[in-house]
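Notes follow once the structure below has been shown.
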Amino acid sequence: MAKILILGATSAIAEQLARLYAQADNEMLLVARNSKALDEVCRDLEVRGTGKVSSRSHDFNAIEKAQEFIKQCYEILGSIDIVLFAFGTLPDQTRSNQDTTLMHKEILLNYNAIVVLLNELGMKFEKQQSGTIAVLGSVAGDRGRQSNYIYGSAKGGLSIFMQGLRNRLARHDVQVLTIKPGFVDTPMTKSFKKGPLWVGPDKIAQDIKRAIDKRKDVLYTPWYWWWIMLVIRSIPERIFKKLKL
């Protein structure tokens with residue numbers, strides 16, 4: 001049995017992953033900002049699985065409460081074997097360009113709020129000499145594009161932070177998994193035109209669980225995004241900067 005903490009548990013990918021873990025005799029603590037939506041997720045899991053499910057609401061932007069929040073999570077679960085970070089937003093680039101306050105808010109949630117909690121958990125996992133820390137990033141963090149570089153820069157910075165955390169915790173037998181999904185059909189992307197590269201959140205969840213089981217460091221999901229991003233990263237800057245992406 002594993003003790004699992006899911007932050008941003010009402011996101012489509014997190015909910016699908018929770019369903020997979022609920023099939024075994026695991027104990028989960030689900031955390032999200034929207035308590036009503038969180039209650040619905042918990043009820044669904046209790047029907048589907050045999051494990052114990054607890055929940056609590058939390059404002060992830062309350063960075064000053066990070067230490068106390070992690071302490072409370074440990075008090076509820078007793079210990080933590082796996083933690084998944086799945087909260088965040090997909091900002092409107094044009095609006096953010098024109099509204100500094102909005103831009104700051106998006107960066108605060110998509111980067112600052114995550115790394116502060118990662119640091120707190122990193123210290124805990126270092127002491128316990130085990131565990132898995134998995135964070136939902138994005139292929140958007142591999143290269144800045146004019147259409148979403150505020151979001152992409154947050155995910156890119158997060159990827160670098162995860163590299164350093166992985167390097168720090170490897171000697172303590174802690175898995176640090178950076179998850180880089182491509183196009184995922186979720187409520188957050190409902191306004192986007194869908195194409196053949198798009199997949200559902202259930203596929204991403206299955207890949208995440210498999211990557212955790214295999215103790216991988218970085219996951220591009222679906223698999224073909226590794227090749228797509230290899231090509232995109234290889235385009236010379238003098239050419240890339242002229243592309244409308």
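Each value in this text was obtained by applying a stated rule to the coordinates, not by laboratory testing. Just so it is clear, the structure is predicted and the values come from calculations on it, not from any experiment. Quick reminder, even Gly has a Cβ in these numbers, built from the backbone with ideal geometry, and neighbours come from all protein chains shown.
Observations
- Least to most buried among Asp207, Asp217, Asp185 (fewest other Cβ within 10 Å first): Asp217, Asp185, Asp207
- Assigned charges on the beta-carbon of Lys, Arg, Asp, Glu; the stretch 171-245 dipole about Cα centre (debye): 340 debye
- 0 to 90° range, to nearest 10: angle between helix 12-22 axis and the chain longest Cα axis: 30 degrees
- Net charge dipole size for the chain [Lys, Arg +1 and Asp, Glu -1 on Cβ; Debye, nearest 20]: 940 debye
- Under 22 Å from Lys203, Cα to Cα: lysines that are on another chain or at least 8 residues apart: Lys155, Lys180, Lys190, Lys193, Lys194, Lys214, Lys216
- Which of Cys73, Cys42 has the fewest Cβ neighbours within 10 Å, and the rest in rising order: Cys42, Cys73
- For Phe183, net neighbour charge (Lys/Arg +1, Asp/Glu -1) across residues whose Cβ lies under 13 Å away: +4
- Positive minus negative residues near Trp198 (Lys, Arg vs Asp, Glu; Cβ under 14 Å): +2
- Of (1) 17.0, 50; (2) 18.6, 61; (3) 17.7, 56, the label for Rg and Dmax of the Cα atoms in Å derived from the coordinates: (3)
- Angle of helix 149-169 to the longest C-alpha principal axis of the chain, folded into 0 to 90 degrees and rounded to 10: 50°.
- Counting neighbouring beta carbons within 10 Å and listing from fewest to most, the residues Thr101, Thr189, Thr221 come out as Thr101, Thr189, Thr221.
- Taking the C-alpha atoms only, the angle from helix 113-128 to the longest principal axis of the chain is near 50 degrees.
- Taking every alpha-carbon pair under 8 Å whose residues sit at least 6 apart, the chain reaches a relative contact order of 18 percent.
- Relative to one another, the C-alpha centroids of the stretch 1-37 and the stretch 65-92 are positioned 11 Å apart.
- Listed residues Val176, Gln128, Gly144: farthest to the positive end of the dipole of the stretch 109-185 (Cβ charges): Gly144
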